[in-house]
1. For the stretch 117-138, enumerate the residues that are loosely packed, with under 14 Cβ neighbours inside 10 Å, within 18 Å of the chain's Cα centre (by Cα) and within 19 Å of Asn165 (Cα to Cα).
2. Do you know which of the residues in the stretch 150-186 that are free of Cβ contacts under 8 Å to residues at least 24 places away in the same chain and more than 20 Å from the chain's Cα centre (by Cα) is surrounded by the most Cβ atoms within 10 Å (Cβ to Cβ)?
3. Within the stretch 95-104, is even one residue surrounded by fewer than 20 Cβ atoms within 10 Å (Cβ to Cβ) and either within 20 Å of Arg66 (Cβ to Cβ) or basic (Lys, Arg) (or both)?
4. Does Met75 qualify as being modelled with pLDDT of 90 or more, of a type outside the set (D, E, K, R), surrounded by 14 or more Cβ atoms within 10 Å (Cβ to Cβ) and out of contact with any Pro (no Cβ under 6 Å at 6 or more places or on another chain)?
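The values are calculated or read from the model by the stated rules, or taken from the named source; none is laboratory data. Please read all numbers here as calculations on a predicted model, not as lab measurements. A quick note on method: Cβ atoms are made from the backbone with ideal geometry, for glycine too, and the neighbour counts reach across all protein chains shown.
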Amino acid sequence: MLHNSPLVLLKKRWKFIMVVGIILGILSGIVTMLFPLNYRADAQVLIISKSRYGVDPYTVVRSAERVGENITQVMRTNDFYNKVKEQKESSVDWSYFDDNNEREKRKLWNKTMNPSVVYGTGVLNVSMYHPDKTQASALASAAVSALSAKGWEYVGGDVTIKVINEPIVTKFPVRPNVLLNMILGFIVGLLFSGFVVIKR
């Protein structure tokens, strides 16, 4: 019975298992490339809470983190979208959003951005995605400008928001991740074909 053990069967059919894994990996990559590929532009702002006498620096940073968490939620709203759109120096092609109905526009706006707080620093990362590199950068620039100019409306007058890093765009599309999907497809192919070999 030893020659029919799962390990022996897998060793015998390793070529079949590898071929299935490679095929599924390639198919995953092809399917991924059928979706629009997006570049990412990253910019950063610093949230500065005005410290009061007797408040330790740790508390000030924690306060900035809390403010940052609130802002990441507000950035997904229609109100913030309008504030970004008001930035005069922006070269954003707003038809990318406005050609959709209100529901689709809001969904697309939420998919376009990915704000996040760097804990322990008071820094807020603003990442914007777009099929066009120039538009991704323009969106990120307009977003941090809106935060710097109008962000206080969401958090009160005791906070200053300062742009510390202008947008930098990725050299290659990052979403969807073609390489990661190919690797996952390859792994799924190995597991599936291995399961088939053992069950036969």
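1. Listed by number, the residues that qualify are Val118, Tyr119.
2. Restricting to residues being free of Cβ contacts under 8 Å to residues at least 24 places away in the same chain and more than 20 Å from the chain's Cα centre (by Cα), the top hit is Trp152.
3. yes
4. no
Conditions tested, residue by residue: (1) modelled with pLDDT of 75 or more; (2) in contact with a helix residue (DSSP H, G or I) (Cβ under 8 Å, 6 or more places away or on another chain); (3) not basic (Lys, Arg).
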position: Thr32; (1), (2), (3): no, yes, yes
position: Phe35; (1), (2), (3): yes, no, yes
position: Val61; (1), (2), (3): no, no, yes
position: Val67; (1), (2), (3): yes, yes, yes
